[in-house]
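*Asks:* Structure incoming, see below.
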Amino acid sequence: MKKAVEMLEYEREYARQGYCAICGADEVGRGPLAGPVVVAAVCMPLETDKLIDGVNDSKKLSPKRREQLYDVILRTADAYRIAEIAPEEIDSINILNATKKAMREAINALKDRCDLALTDALDPGAELRCVPIVKGDAKSYNIAAASIVAKVYRDRLMDEYAKLYPQYGFERNKGYGTREHIDAIGAYGLCPIHRRSFVTHFAIGGGNGT
């Protein structure tokens with residue numbers, strides 16, 4: 001619980017400035033070769049007795065622990081939203097713009113519930129005031145909670161895609177460019193959830209993954 005209390009520094013500072021409901025937003029999936037980019041925005045209660053022990057940057061947690069915390073976070077949150085941008089739109093507007101769009105959508109959906117958003121190093125131009133924090137998922141309780149929600153949500157999506165396109169090992173690589181994944185693209189071509197603008201960097205041929 002000590003870690004969770006320590007991660008409230010930003011939330012408490014902005015609460016002292018008069019903000020009443022603060023959400024955190026984080027993305028997952030900027031780097032993969034396949035699948036959507038996902039953003040979660042989460043508004044957690046900040047009373048000490050409501051803090052969730054173990055909330056931290058999702059990258060520092062095991063998959064099992066993330067799964068456990070995901071359900072607790074969603075049950076505890078005052079409000080949350082999840083937004084995703086599909087691979088074809090990522091190809092169309094580029095990954096940075098896609099990430100900002102998803103973050104805007106998630107944060108804007110909370111505009112009637114929150115008055116400030118803390119984000120992980122990105123200002124998406126949302127309707128709420130946004131405060132970008134470098135490595136925010138390791139510094140802010142709300143951003144850390146959002147990082148867990150986004151990660152588990154996207155991982156579950158990729159597990160479902162693995163059933164549709166089993167040759168790529170999405171249940172293991174989650175769309176990232178592992179050797180196994182790159183070799184599978186070389187063997188089978190691309191499937192509908194591949195980001196064509198990303199895969200061209202590997203000079204790998206086409207195909208439809210069927």
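*Asks:* Can you tell me which residues in the range 155-188 are open to solvent by less than 50 Å² (accessible area, probe 1.4 Å) and either outside any loop (DSSP other than H, G, I, E, B) or modelled with pLDDT under 95 (or both)?
*Replies:* Hits for the range 155-188 are D155, L157, M158, A162, Y168, F170, N173, H181, I182, A184, I185.
*Asks:* Select, from L122, L128, L46, the only residue that is modelled with pLDDT under 95 and not polar (S, T, N, Q). Outline the logic, then answer.
*Replies:* Values: L122 fails: modelled with pLDDT under 95; L128 fails: modelled with pLDDT under 95.
Just a single option satisfies the conditions, and that option is L46.
*Asks:* Continuing with this model, one more query. Got a sec? Which of K101, K64 is without any contact (Cβ under 8 Å) to a residue 24 or more places away in the chain, under 15 Å from R156 (Cβ atoms) and part of a helix (DSSP H, G or I)? Reasoning before the result, please.
*Replies:* Numbers: K101 fails: under 15 Å from R156 (Cβ atoms).
The conditions single out K64.
A quick yes/no check of all residues on (1) surrounded by fewer than 22 Cβ atoms within 10 Å (Cβ to Cβ); (2) within 30 Å of L164 (Cβ to Cβ); (3) more than 13 Å from the chain's Cα centre (by Cα):
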| site | (1), (2), (3) |
| --- | --- |
| L8 | yes, no, yes |
| G35 | no, yes, no |
| V38 | no, yes, no |
| L69 | no, yes, yes |
| K101 | yes, yes, no |
| A109 | yes, yes, yes |
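The values are calculated or read from the model by the stated rules, or taken from the named source; none is laboratory data. The model shown is predicted, which means the values in this text are computed figures rather than measured ones. With ideal geometry, Cβ positions are generated from the backbone for all residues, glycine too; neighbour counts draw on all protein chains shown. Just the protein is used for accessible areas: all its heavy atoms, side chains included, with ligands, DNA and RNA removed. Shrake-Rupley method; radii C 1.70, N 1.55, O 1.52, S 1.80 Å.
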